[in-house]
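Each remark here refers to the structure printed beneath this line.
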Amino acid sequence: MRKIEAIIRHHKLDEIKEALMQAGFQGMTVTEVRGFGRQKGHTETYRGAEYQIDFVPKIKIELVVESERSDEAVRIITEAARTGNIGDGKLFLIDLADVVRIRTGETGTAAV
């Protein structure tokens, strides 16, 4: 099993969610996060005053998939999240040793 963490733009969340659901991927956790990459934030103007935004608001999606389907999930997320501009985000793939469903004690893919 693999855990996929995707840092994406806010407005791409629904598109990614729909694409993953259509492909049969179930369940995800979504968190609002802030950070910066190569762009190091950006400047904005409010009432004539310019100020620096160091941490850009993003969305973090986390999902656990079977290892055999992780490439498919990565492809779906990448295609749905891509705008072609700086700040589209990142994907992180993490190998999982095991998963346990707390309610039933099931482990492995049955727990996902």
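Return one number: the angle in degrees, 0 to 90 and rounded to the nearest 10, between the long axis of the Cα atoms of helix 13-22 and the longest principal axis of the Cα atoms of the chain.
The answer is roughly 20 degrees.
With the contact rule set at Cα under 8 Å and sequence spacing of 6 or more, what percent relative contact order holds for the chain? Don't jump to the answer; show the numbers that get you there.
Values: 179 pairs, mean separation 46.5, N = 112.
Relative contact order here is 42 percent.
For a quick protection proxy, order the peptides 45-51, 64-70 by their average other-Cβ count within 10 Å, most packed first.
Per-residue mean Cβ counts within 10 Å order the peptides as 64-70, 45-51.
Which FRET efficiency value, to the nearest 0.05, is calculated for F55 and L93 with the Förster distance at 22 angstrom and r the Cβ-Cβ distance?
The pair F55/L93 has a calculated efficiency of 0.35.
Thinking of the chain as a set of Cα atoms, what percent of all their pairs are more than 23 Å apart?
Value for the chain (Cα pairs over 23 Å): 38 percent.
I'd like to compare 80-88, 100-108, 55-63: which one has the highest average count of other Cβ atoms within 10 Å, and what's the full order after that?
The peptides rank, most packed first, as 55-63, 80-88, 100-108.
From the residues T29, V65, Q52, which one has its Cα farthest along the dipole of the chain in the positive direction, the dipole being from +1 and -1 charges on Cβ of Lys/Arg and Asp/Glu about the Cα centre?
My answer, from the dipole projection, is Q52.
Using the crude model of +1 on Lys and Arg Cβ and -1 on Asp and Glu Cβ, and no other charge, please compute the dipole size for the chain relative to its Cα centre, in debye to 20. Before the final figure, lay out each step's value.
On the way: 17 positive and 18 negative charges, 63 e Å.
So the dipole magnitude of the chain works out to roughly 300 debye.
With n ≥ 4 as the cut-off for DSSP H runs, can you work out [θ] at 222 nm for the chain, using -39500 (n - 2.57) per run divided by the number of residues, rounded to the nearest 500?
-6000 deg cm²/dmol
So how do 4-10, 91-97, 20-26 stack up, highest first, on mean other-Cβ count within 10 Å?
Numbers: 4-10: 18.7, 91-97: 11.3, 20-26: 13.1.
Highest-to-lowest ranking by the protection proxy: 4-10, 20-26, 91-97.
Collect residues whose amide H, placed 1.01 Å from N in the peptide plane, falls under 5 Å from the amide H of G35; neighbours closer than 5 in sequence don't count.
Here V56, K58 satisfy the definition.
Just so you know, all these numbers are worked out from the coordinates, no wet-lab data involved. Since the structure is predicted, the reported quantities are computational estimates derived from the model, not experimental observations. Note that we place each Cβ from the backbone using ideal geometry, even for glycine, and neighbour counts take in every protein chain shown.
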